[in-house]
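Enquirer: Sending over a structure as structure tokens; questions will come in a sec.
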Amino acid sequence: MHTMWKGTISFGLVNIPVKLHAATEDKDIKLRQLHKECQSPIKYEKVCPVCDREVQAEEIVKAYEYAKNKFVMLDDEELENLRKEQTEKSVEIVDFVKLEEIDPIYFEKSYYLSPNEGGGKAYTLLRTALKDTGKIGVAKMMIRSKEQLAVIRVYENTLVVETIHFPDEVRNVADVPNVPAETEAVAKELDTAKMLIDQLTTEFDPEKYKDDYRTALIELIEEKKNSNQTATAKDKAVPDNVTNLMDALEASLDRAKKTKPTKPKKPAARKKTTTATKKTRKQA
């Protein structure tokens with residue numbers, strides 16, 4: 001199992017070197033977007049709308065938008081220093097509470113904790129103490145550059161870290177629209193609803209719940225694959241150098257013709273009047 005984080009969990013004078021591992025995994029079927037015409041995957045490029053060009057990773061900086069189009073720039077060194085300040089601190093359990101005192105809306109993601117070298121005895125001590133008291137520990141820790149509020153509890157025989165939201169991250173329930181006011185339910189309808197709940201009540205068994213959509217989607221994909229209903233992305237055509245050169249030459253020639261200045265026409269030459277012509281005009 002991949003180790004995501006190494007550190008120390010402490011409560012009182014007890015320090016436990018531990019490793020953190022993801023306890024869950026996302027099994028959603030990832031679908032790609034293809035160009036219908038040639039079945040090639042669509043690319044998403046980072047483009048600057050002002051410079052009107054694609055921007056490379058080394059040209060991008062981080063910033064916080066404190067107002068519309070107003071930013072505070074933050075460089076990587078500043079952010080790294082902040083991360084180090086928090087990461088180097090041990091994860092200290094500051095309180096012990098009962099699990100049922102925390103509403104599920106606060107829970108975010110689960111991680112397994114395993115003891116690091118030399119931490120087996122202290123790990124066992126904390127696990128046993130939590131089991132016997134029925135309590136969980138509340139702590140703060142840094143995970144992936146974000147400070148997290150977390151609880152440490154026992155799951156089967158393993159310590160688990162559950163990251164939980166800070167109170168200001170949970171939206172006010174009073175802001176939920178169209179929630180009906182408390183009204184007294186009709187006794188007959190309420191009795192029927194309670195009877196239905198009693199009939200469907202059972203012990204929770206996670207193994208009985210399956211992702212039916214994901215299963216059906218996998219079956220559909222396999223069926224199409226086995227019946228050769230597949231597509232292969234086409235390689236990007238490499239331009240022929242000769243053709244490319246000829247196109248460039250012809251385009252240059254056309255442009256030169258359009259931009260070539262036209263020579264001004266010479267004014268018509270005046271006819272010279274001879275002496276004989278002048279005498280003829282006088283006699284007339």
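The values are calculated or read from the model by the stated rules, or taken from the named source; none is laboratory data. All of these numbers come straight from a predicted model, not from anything done at the bench. Counting neighbours? That spans all protein chains shown, and the Cβs are built from the backbone with ideal geometry, glycine included. Heads up: the accessible areas ignore ligands, DNA and RNA and are worked out on the full protein's heavy atoms, side chains in. Shrake-Rupley method; radii C 1.70, N 1.55, O 1.52, S 1.80 Å.
Enquirer: Is it fair to say residue 159 is touching a Leu at 6+ places or on another chain (Cβ under 6 Å) and at pLDDT 85 or above?
Expert: yes
Enquirer: Additional query: Could you tell me whether any residue of segment 180-192 is part of a loop (DSSP other than H, G, I, E, B) and under 30 Å from residue 121 (Cβ atoms)?
Expert: no
Enquirer: Listed residues 160, 138; which is free of Cβ contacts under 8 Å to residues at least 60 places away in the same chain and assigned to a strand (DSSP E or B)? Full working, then the answer.
Expert: Numbers: 160 fails: free of Cβ contacts under 8 Å to residues at least 60 places away in the same chain.
Only one candidate qualifies: 138.
Enquirer: I'm checking my understanding of the structure. Among residues of segment 72-103 that are open to solvent by 100 Å² or more (accessible area, probe 1.4 Å) and at pLDDT 90 or above, which one is farthest from residue 132 (Cα to Cα)?
Expert: 101
Enquirer: Take the residues of segment 208-229 that are loosely packed, with under 10 Cβ neighbours inside 10 Å and hydroxyl-bearing (Ser, Thr, Tyr): which is modelled with the lowest pLDDT?
Expert: Out of the qualifying residues, it is 209.
Enquirer: Follow-up. Any residue at all in segment 7-14 that's in a loop (DSSP other than H, G, I, E, B) and surrounded by fewer than 10 Cβ atoms within 10 Å (Cβ to Cβ)?
Expert: Yes, that holds for at least one residue.
Enquirer: Search segment 23-44 for residues being touching a residue at least 60 places away in the same chain (Cβ under 8 Å) and open to solvent by 40 Å² or more (accessible area, probe 1.4 Å), and hand back the single one that is nearest to residue 120 (Cα to Cα). Working first, answer last.
Expert: Of all residues in segment 23-44, those touching a residue at least 60 places away in the same chain (Cβ under 8 Å) come to 23-24, 27-29, 34, 38-41.
From what's left, open to solvent by 40 Å² or more (accessible area, probe 1.4 Å): 24, 27-29, 34, 39, 41.
Numbers: 24: 23, 27: 32, 28: 35, 29: 38, 34: 51, 39: 54, 41: 49 Å.
My answer is 24.
Enquirer: Quick one: which residue in 106, 111 is touching a residue at least 24 places away in the same chain (Cβ under 8 Å), more than 21 Å from the chain's Cα centre (by Cα) and either closer than 30 Å to residue 211 by Cβ or exposed (fewer than 10 other Cβ atoms within 10 Å of the Cβ) (or both)?
Expert: Numbers: 111 fails: more than 21 Å from the chain's Cα centre (by Cα).
Every option except 106 fails the conditions.
Enquirer: Another one. Within segment 114-153, track down each residue that is at positive phi, within 35 Å of the chain's Cα centre (by Cα) and open to solvent by less than 80 Å² (accessible area, probe 1.4 Å).
Expert: Here is the first cut: in segment 114-153, the ones at positive phi are 118, 134, 144-145.
With the extra rule that they be within 35 Å of the chain's Cα centre (by Cα), the set shrinks to 144-145.
The answer is 145, and nothing else.
Enquirer: Moving on to the next point. Output the qualifying pairs, or none if there are none: Cβ atoms under 8 angstrom, residues six or more apart or on different chains, first residue in segment 63-84 and over 23 Å from residue 6 (Cα atoms), second residue of a type in the set (D, E, K, R) and surrounded by 11 or more Cβ atoms within 10 Å (Cβ to Cβ).
Expert: Between residues of segment 63-84 that are over 23 Å from residue 6 (Cα atoms) and residues that are of a type in the set (D, E, K, R) and surrounded by 11 or more Cβ atoms within 10 Å (Cβ to Cβ), the close pairs are 73/62; 74/62; 75/62.
Enquirer: Just one of 182, 169 is within 27 Å of the chain's Cα centre (by Cα) and either open to solvent by 100 Å² or more (accessible area, probe 1.4 Å) or more than 30 Å from residue 43 (Cα to Cα) (or both); which is it?
Expert: 169
Enquirer: Okay, next question. Taking the conditions exactly as written (of a type in the set (Ser, Thr, Tyr) and in contact with a His (Cβ under 7 Å, 6 or more places away or on another chain)), does residue 155 satisfy them or not?
Expert: It is false that residue 155 is of a type in the set (Ser, Thr, Tyr) and in contact with a His (Cβ under 7 Å, 6 or more places away or on another chain).
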